[in-house]
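Below is one structure; the comments refer to it alone.
Read-outs throughout are calculated quantities, based only on the coordinates presented, and are distinct from any laboratory measurement. Computed from a predicted model, the values in this text were never measured in an experiment. Neighbour counts run over all protein chains shown; Cβ positions are idealised from the backbone, glycine included.
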Amino acid sequence: MSEVHSKLEGSSCGVLFLQKYSKKMSISPFLRSPFTDITGGLVSHQMLGECQKEEMRYMDCLEAYGLERGRKKCAYLIEDFQECQTKTKQFKRFMAMRKERERQIAEGKLTGDKKYVTPRIDSY
């Protein structure tokens, strides 16, 4: 199990699913037919998807190394692609900021109009 997955263990159902089944899943279909060849490109992030670049980097790496070696050599790329899809790190960051804000409100550091001030536009 990778370092990123071990840190995210137990954080959400999607991550647990990916941890359990990502090693068992295959890129190629179980039964190959002309129908699978025609419809294979429909399930991707290339059409208006926000994870286009990550998916292409991962697929290029798999094409270069092959499926078996690519799973090891391209592990960091699949982690990036899965993060783009699930946004677990982004959600954890959001929850940590919310928890910190609630802690500061409970301690009395944030009061009145300062309780729910939005961050500056350029703070991301």
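Computed from the alpha carbon positions, the gyration tensor of segment 85-124 leads to an equivalent ellipsoid with semi-axes of 23, 14, 6 Å, biggest first. Working ranking of peptides 105-116, 80-91 by packing, defined as the average number of other Cβ atoms within 10 Å per residue, highest first, is 80-91, 105-116. When Leu62, Leu67 are arranged by Cβ crowding within 10 Å, least crowded first, meaning fewest neighbours, the order is Leu67, Leu62. Using the Cβ of Phe81 as centre and a radius below 9 Å, the other residues enclosed give a net charge of -4, where K and R count +1 and D and E count -1. The Glu50 and Thr118 beta-carbon pair, evaluated with R₀ = 30 Å, returns a calculated FRET efficiency of approximately 0.85.
Our estimate of slack between Arg98 and Leu110, defined as 0.36 nm per intervening residue step minus the Cα-Cα distance, is 3.0 nm. A Förster distance of 35 Å, applied to the separation of the beta-carbon atoms of Leu67 and Lys89, puts the FRET efficiency at 0.85.
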